[in-house]
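Only one structure is covered here, and it is reproduced in the block below.
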Amino acid sequence: MGDMTNSAVDFYPKNQRGESNHAGEFGCSLDELRSLMELRGAEGVQKMQDTYGDVNGFCRRLKTSPTEGLAGNPADLENRKQIFGRNFIPPKKPKTFLQLVWEALQDVTLIILELAAIISLGLSFYQPPGERSESDLLPADGVLIQGNDLKIDESSLTGESDHVRKSADKDPMLLSGTHVMEGSGKMVVTAVGVNSQTGIIFTLLGAGGEEEEKKDKKGKQKGGKSKRQKGDEENQNKAKKQDGAAAMEMQPLKSAEGGDGDDKEKKKAGSSKKEKSVLQGKLTKLAVQIGKAGLVMSAITVIILVLYFAIDTFVIQKLQWLPECTPVYIQFFVKFFIIGVTVLVVAVPEGLPLAVTISLAYSVKKMMKDNNLVRHLDACETMGNATAICSDKTGTLTTNRMTVVQAYVGEVHHKEVPDPDAIPSKTLDMLVNAISLNSAYTSKILPPEKDIGLPRQVGNKTECGLLGLVLDLKRDYQTVRDQTPEEKLYKVYTFNSERKSMSTVIKMQDGSFRMYSKGASEIVLKKCSNILNTAGEPRGFRPRDRDEMVKKVIEPMACNGLRTICIAFRDFPGSPEPDWDNENIILIDLTCIAVVGIEDPVRPEVPDAIKKCQQAGITVRMVTGDNINTARAIAIKCGIISPGEDFICLEGKDFNRRIRNEKGEIEQERIDKIWPKLRVLARSSPTDKHTLVKGIIDSLHGERRQVVAVTGDGTNDGPALKKADVGFAMGIAGTDVAKEASDIILTDDNFSSIVKAVMWGRNVYDSISKFLQFQLTVNIVAVIVAFTGACITQDSPLKAVQMLWVNLIMDTFASLALATEPPTESLLMRKPYGRNKPLISRTMMKNILGHGIYQLTVIFTLLFAGETIFNIDSGRNAPLHAPPSEHYTIIFNTFVLMQLFNEINARKIHGEKNVFDGIFRNPIFCSIVFGTFAIQIVIIQFGGKPFSCIPLQIDQWLWCMVLGVGELLWGQIISSIPTNRLKFLKEAGHGTQKDDIPEEELNEDAEEIDHAERELRRGQILWFRGLNRIQTQIRVVKAFRSSLYEGLEKPESKSSIHNFMTHPEFRIDDSQPHIPLIDDTDIEEDAALKQNSSPPSSPNKNNNAIDSGINLTTDTSKSATSSSPGSPLHSLETSL
C-alpha cells in the first residue's frame, strides 16, 4: 500500500494512552487520532481542515514527512511506541488444563459424588475384626495523502459489498482490516494495534484484557484522571451536541455514564463466574433438589436403622453394651452407614452430566455433517431455545454474487435469463461483445475452489454479473477478449460519479470505430436515440418510448430490488476521426442493445428455511449494510416480511434517533417499542447491530427473556456475535475476528444450516428430558425400595453390586441410548421452550409417577408375597452372610427388565401413543436395549455370589418378562389419562427465577434503571403523544387540501426508486436535533404532493397507522424519500 508513513508498527501503549505532554510533543493526542478515524467521508475532510489545515499540516503535527515517512531513528521509534503503542493486538489468554479440570469439577452432581466417594474410601480403610488472498490488507488506520484511482473493500468492517472510492479531497480515511482492491496510494498512519478500528473491535471481544488492566493500574498509581476517561467525557459532550447516531457510532459498549460504565463492564468481565447456559442452569437446580431429597432420605434411613437396632438390642432384648461386643456393634453401624450412602448414590442422578455431554457431543458430531461447526458445546442446546435470529443479508440470505436475473432485449422483457435462441443472433453478438470488451479485463469468473462450489467472481461485482450473463448465454467472454487484447482498445471512458457510465472505443477492420457503453439505465437511456428491435435492427427511440420503458421495465425491476444497467453502442466513421475528448458529442445518439436487472439473488433454500423458523416461533430479522430498498425487496423474497403484516423497516440512522434520548443516551424503553415489530435494519453500522442484539436480550417486554442468535461474517460483527446467546460466523466469507467471537461456524455460509442447528438444539433438550423421565423413575423406585426394605427387613432387597449394575443401566447405557435419538421435522412445529420452561413437564411428571407406582406395586408384591406366588423360600431377614436366594434374584431381575421396557416408553415425552415410532432409525438405542438384556441373562444365570444371584428357571424368566412387558401396556393406560385432569401434578426443573438472583446483581440492575426518571419520561411520552395527535390531524387536513391540486405538478426526476438506487453515495444527512417520539413525516407529506398521480403500488402494505386514521402504502415513485425517516415501509409508524 505504498509508503506506510508514521508506522511505528508495533503496538500497545505502555502508558495510559498518552498523557498531556504527549499531545504537546506531537501536536495531537492518541484520543484525537482515534476520534478522527471514527469519521467518514466529508466529515473527516472537514475535521482535517478545521483542526490541521490539510494533510501536510497533519504530517507536521505528527513530525513525519508526507513523502519520505519516518527517519528511522531508533530513539524516535521507541518514543512513538511508548506514546502511540505497538501494532499488535494481544491474543486472549487460553485456559490451562488445570483450569478446565477445575471448571468440570464445579458440577453439583459431581461434588455430591466426590463426597460420597471420599466417605466410601475412608470406610474402606476400616477393617472390622472377623486462504489465499486476491488483494492487499491494510495493517493500520490512516489518512490518505495521495492516491491513484484507489478503491477499498470495506465489507469486513461495514458489511457494504460495493467498493469504496478513496481520495484525499473527498474520503481520505483508510481503516485497518480492509482490502485494497484497485489502484495505489500513500497514507499517514494514525492508529495501530488496539487503537485501530479493527483493534477496538478485538478489544470489545475480550482480547488484550490483561494489558487494559495493567494500564488501569498505572493510571490509578499516577492518581490523575486517565486520558481515556477524559476522552470519554469529551465524547459524551460531543454526543449531546451532535445527532446521537453519528456522535456515538463508534462507542458501542460505553454506558451513558462514561467512566462508571467502563467500571461496570470491567467488574462484570473481571468476575470469574461464567454465565451458565439455559440447560445447565436448569439441570444444576434440579440436581441440587434431587441431591437434597436423597440426602434427607439417606439420613432418615441411617437414623431409622440405628434406632431400630438400638431399641431391638438394648430395649427389647435388654442386652448390655459389653466391651468385647463393641467391634460387632461397630460392624452393624458401618453396614447401616453404607446402606445410607447407597441410598444417597442411587438418589443422586450422576448420569445427568454424562447424558448432557453425550447428547451434546453426539449432536456436535452430527451437526458437522449439517455444516455447523460447533465451537462451544452449550451453544448447541441454547440454539434450541432461540426466539430471534438477526441475520446478515449478503452471503447468508443471498449468494453474495451479483447475478443478472432479468433482461429486456429485442423488445421483449424476459423475467428470467433468456435462452440464446430467443435472442436475435445480431443482437446476441452485439451484447456479448459489448459486455466482454466494455469491462475491466481484471474482472473475470474463475472456476470454483471446491468441486461443489460456485464459480468465483474476481474484480468488479457488477461486471462479474454481466460476464456471468455471457456464460449463461453459452458464450465465452475470454475468446472475445483474446481477439481484442486490452492494449488494442482505442479509447476508454472509465466509470465515474459524473458520467455514471463506462464506454470503450474499438477500431473496426474497415477503419471505422464502434463504441460500447454501459451504465445506470436512466442515464444511458437518455442518450439513446435508437434501440435494437426484434430482428436485431435499429429503430427510432423517442422520449415517449423511453418513458414507457421506464414505467413498464425499469420501475418494476427496481421495485424488486434490482440494479438496472443499460448496454448500448454507437458507430463512428473512420474519416474524419471524431474528437474523442469532447464527450458531449461522443456520448450521444446511442443505440440501446439491452437493459438488464442485476441482483444478489436469494439462496433458493432460504425462503423455506425462514418459513420453518417462523413456524417454530422464531422471528427472523435482517440486519444489513445495504440500502433500504434492496434490503426490503430481499426481505419480501425471503419471506421475512409479507404484505399485510405489522412490521417496521428502519435505517440505522433512524433507528439510532428513535432509541436515544435528548442527551444521546440509549434507553431500553425506547428499544422495547421498536424491536418487537422490527424486521429489517438497513444501512446499519456495527454499533447498531450490537445495540439491537443487546436491546432484545435485555428487554423485559413479553413474558420471557428473548434468546437471540446472530449471524455475521465481518470484523464489524464481532461485538454482536459475542453479545448474542448464540453467534454464527460464516466459514467461507467470515473473517478471523468473526470466527473467534462466534459459538458456531456455518461451513457453507447458508441460512438453512441455522434451521438444522435449531433442530439439533431442540433435540438435545428433548433428549435430556427423555433421559430425566427414565432416570427419575428408576431413582424414585430404587430409593423407596432400598429405604423401605432396609427399614422393614434390616437389609436392602437390591444389593450393592446389583445397584451398581442398575446405575450402569440407568446412567451410562440409558444416556447413550436416549441422548442419540436423531431429530425430526416435528421439533420445528412447536414454539421454543423458553428459559424458564421446566425440564420436567406435567406430562413427564405423570409418566414418572405412573410408572413409579406400577414398579413399586410389582416390587413390593414380589418382596412380601413372592415366595408364596413362586412357591420358593423367602429371602427376607436372611443372616448377615447368607447365600443368594431365588426370591431376591427374581426381584432384581424383574426390576431390571421393567427398566429396560420403560426405556422404550421414555422415548416419548409429550404423551404420544406410539413409543416405537422411529425406533429403528436409532441403531444405538436398539443395540443398547438388546445388549443390556443379553448381559442381564449372563448376570442372572452365571453371576453367582458376586452379583448375589442364583440361576432362574424358564418359567420364572417368563414371569419376569411378562411383568417387564407390562410396562409398555401400563404406558398406554397412562398416556390415555388427560394431564389437565391431574391438577395435583407439579412441574420441576425450572430455570433461574428472579428470587434466585444474588442481591448484588439486583442492586446493579437497580443502578441501571432509575424509576423516578422513568416516571418523568412517561409524562414526557404522554405530552409527545398529544402533540403527535395534533400533528397527525394537521397532516390529514393538508393531505385533503393537496388532493385538490393533484396532478398539477409534474413529478420530479428524483421521484424514482431506481434513480435513488443508482446513487450509492446518497445518504440522509440529517444533523437537526430530533425527538424520536415524534415522527418527522412532514418530509413524506411534502414529497407526497409531488408524486405522480397514478404510481404503481408496492405489494407491501401496512396498517400500522390505522390509529391515526391514515392507511399507508408504499409508492414506487417515492424513492427519493423512501429512505427518509417518515417513509411508510421505512419507519411504518405514524403513531406511537
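The values are calculated or read from the model by the stated rules, or taken from the named source; none is laboratory data. Quick caveat, the model's predicted, so the values are computed rather than measured. Ideal geometry is used to build each Cβ from the backbone, glycine not excepted, and the neighbour counts take in all protein chains shown. Accessible surface areas use protein heavy atoms only, side chains included; no ligands, DNA or RNA. Shrake-Rupley method; radii C 1.70, N 1.55, O 1.52, S 1.80 Å.
Taking region 607-655, which residues are more than 17 Å from the chain's Cα centre (by Cα), assigned to a strand (DSSP E or B) and among the hydrophobic types (A, V, I, L, M, F, W, C)? Once the filter is applied, which keeps residues that are more than 17 Å from the chain's Cα centre (by Cα), assigned to a strand (DSSP E or B) and among the hydrophobic types (A, V, I, L, M, F, W, C), region 607-655 yields Ile648, Cys649, Leu650. Sub-8 Å Cβ pairs linking a first residue in region 128-151 that is modelled with pLDDT under 70 to a second residue that is assigned to a loop (DSSP other than H, G, I, E, B) and open to solvent by less than 70 Å² (accessible area, probe 1.4 Å), at least 6 apart or interchain, are Asp136/Met1, ordered by first then second residue. Only one of the listed residues (Val755, Val781, Val801) is touching a helix residue (DSSP H, G or I) at 6+ places or on another chain (Cβ under 8 Å) and farther than 30 Å from Pro883 by Cα. That residue is Val755.
Scanning region 671-699 for residues that are open to solvent by 20 Å² or more (accessible area, probe 1.4 Å) and out of contact with any His (no Cβ under 9 Å at 6 or more places or on another chain) yields a count of 6. Can you give me the number of residues within region 591-606 that are more than 17 Å from the chain's Cα centre (by Cα) and not in a loop (DSSP other than H, G, I, E, B)? Qualifying residue count for the region: 10.
Taking Asn980, is it modelled with pLDDT of 90 or more and not hydroxyl-bearing (Ser, Thr, Tyr)? Spelling it out, it is not the case that Asn980 is modelled with pLDDT of 90 or more and not hydroxyl-bearing (Ser, Thr, Tyr). Each residue in region 382-401 was checked for being open to solvent by less than 10 Å² (accessible area, probe 1.4 Å), out of contact with any helix residue (DSSP H, G or I) (no Cβ under 7 Å at 6 or more places or on another chain) and of a type in the set (Lys, Arg), and 0 pass. Restricted to region 519-590, the set of strands (runs of 3 or more DSSP E) holding at least 2 residues that are buried (at least 20 other Cβ atoms within 10 Å of the Cβ) and among the basic types (Lys, Arg) comprises 563-572. Cβ separations smaller than 6 Å between residues 6+ apart or across chains give the following pairs from region 578-604 residues that are over 24 Å from Val550 (Cα atoms) to residues that are part of a strand (DSSP E or B) and charged (D, E, K, R): Trp580/Lys491. Here Gly931 does not fit the description of being on the phi > 0 side of the Ramachandran plot and either in contact with a Pro (Cβ under 6 Å, 6 or more places away or on another chain) or open to solvent by 20 Å² or more (accessible area, probe 1.4 Å) (or both). Pairs linking a residue in region 848-872 that is among the acidic types (Asp, Glu) to a residue that is surrounded by 14 or more Cβ atoms within 10 Å (Cβ to Cβ), with Cβ atoms under 6 Å and 6 or more positions apart or on different chains, are Glu867/Ser874; Glu867/His887. Looking across region 368-381, just one residue is within 20 Å of Ile610 (Cβ to Cβ) and open to solvent by less than 10 Å² (accessible area, probe 1.4 Å), and that is Asn372. Of the residues examined, Ile840 is one that is of a type outside the set (Gly, Ala, Ser), over 21 Å from Ile928 (Cα atoms) and touching a strand residue (DSSP E or B) at 6+ places or on another chain (Cβ under 7 Å). Scanning region 630-641 for residues that are open to solvent by 10 Å² or more (accessible area, probe 1.4 Å) and touching a helix residue (DSSP H, G or I) at 6+ places or on another chain (Cβ under 6 Å) yields a count of 1.
Among the residues of region 418-447, the ones that are open to solvent by less than 50 Å² (accessible area, probe 1.4 Å) and assigned to a loop (DSSP other than H, G, I, E, B) come to 8 in all. A single member of Ile859, Ile890, Ile853 is out of contact with any Pro (no Cβ under 9 Å at 6 or more places or on another chain), surrounded by 18 or more Cβ atoms within 10 Å (Cβ to Cβ) and outside any loop (DSSP other than H, G, I, E, B), and it is Ile890. A count restricted to region 780-805 and to residues that are under 25 Å from Lys846 (Cβ atoms) and surrounded by fewer than 19 Cβ atoms within 10 Å (Cβ to Cβ) stands at 2. The lone criterion from (1) at pLDDT below 90; (2) on the phi < 0 side of the Ramachandran plot; (3) not hydroxyl-bearing (Ser, Thr, Tyr) left unmet by Phe901 is number (1). Checked against (1) more than 26 Å from Leu839 (Cα to Cα); (2) exposed (fewer than 13 other Cβ atoms within 10 Å of the Cβ), Phe916 passes all but condition (1). Given the structure, is Pro823 closer than 30 Å to Ile909 by Cβ, outside any helix (DSSP H, G or I), in contact with a helix residue (DSSP H, G or I) (Cβ under 8 Å, 6 or more places away or on another chain) and not polar (S, T, N, Q)? Yes; evaluated as a whole, the condition is true for this residue.
The residues listed here are Val296, Val343, Val364; of these, the one that is open to solvent by 50 Å² or more (accessible area, probe 1.4 Å) and β-branched (Val, Ile, Thr) is Val296.
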